[in-house]
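Shown next, in structure tokens, is the structure this report addresses.
Please treat every number below as a calculation from the coordinates, not as lab data. Everything numeric here is computed off the predicted structure, so don't read it as measured data. In this analysis, Cβ positions are derived from the backbone assuming ideal geometry, glycine residues included, and neighbour counts consider all displayed protein chains.
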Amino acid sequence: MARVQGLHHVAYRCRDAKTTTDFYTKYLGLEFTIAVAENRVPSTGEWSPHIHIFFEMGDGSFVAFFELPESPDMGLDPATPSWVQHLALKVPDMAALGAIRDRLEADGIEVVGPTDHTICQSIYFFDPDGHRMEVTVDTLTPEMADSLRARARPLLEEWDRTRRAPEVDPMHANARG
């Protein structure tokens, strides 16, 4: 089976394409590169005027949004806690993470973190449409990666049996090496 090569784009809904563009370019430094406006859905032919906007990331992949003015008001999944569904974007270092945090906080946007997850350091905030965002610096070492990879299947099997985290979480107990 051919292995997936990477992420082309991930798409979310937004209330206002202009507001979304301003947010993602100002706070995250993403480049607004593509806008496609259509009245019909290309894959189904159904009537649904929309604009699809794309922001390019450093690796060539995209974060994209749809504004759907004739659809019912958007909402988030009420059965899922707000911290679960999120988009995590990677920056090269703690200085870049701090600069994003500072820009957000300067404009009164609440930021949580940085939070140390052992494999990364992250900040969290919400975009104008209520999508939870995470910006992260990768701190995963080769030794941690090997340890976590070896433990992934056994941990999944234990979770499948118990639906509880183990008493000793290997990521935090010994993943640091």
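General observations
- Estimated [θ] at 222 nm from DSSP helical runs (n ≥ 4, -39500 (n - 2.57)) normalised by residues in the chain, nearest 500: -8500 deg cm²/dmol
- Net charge of neighbours whose Cβ lies under 13 Å from the Cβ of His8, counting Lys and Arg as +1 and Asp and Glu as -1: -2
- The range 64-74 - phi-based ³J(HN,Hα) in whole Hz, Karplus 6.51/-1.76/1.60, Gly and Pro as x: 10, 9, 10, 9, 10, x, 9, 8, x, 3, 6
- Between Glu31 and Glu56, the built amide H atoms are under 5 Å apart, and every one of these is 5 or more places off in sequence or on another chain.
- Simple spin-label estimate for Gln85 and Trp47 in nanometres, 7 Å along Cα-Cβ: 2.8 nm
- Counted by Cβ distance under 9 Å from Ser48, the other residues give a net charge of -2, where Lys and Arg count +1 and Asp and Glu count -1.
- Computed about the Cα centre, the dipole magnitude for the range 1-69 is approximately 140 debye when only Lys and Arg (+1) and Asp and Glu (-1) carry charge, each at its Cβ.
- Taking θ as phi - 60° and the Karplus parameters 6.51, -1.76 and 1.60, the scalar couplings of the range 103-118 work out to 4, 5, 5, 4, 9, x, 8, 5, 10, 9, x, x, 10, 8, 9, 6 Hz in sequence order, x denoting glycine and proline.
- The trypsin sites (Lys or Arg not before Pro) of the range 1-72 that meet both conditions, a loop assignment by DSSP and at most 13 other Cβ atoms within 10 Å of the site Cβ, are Arg3.
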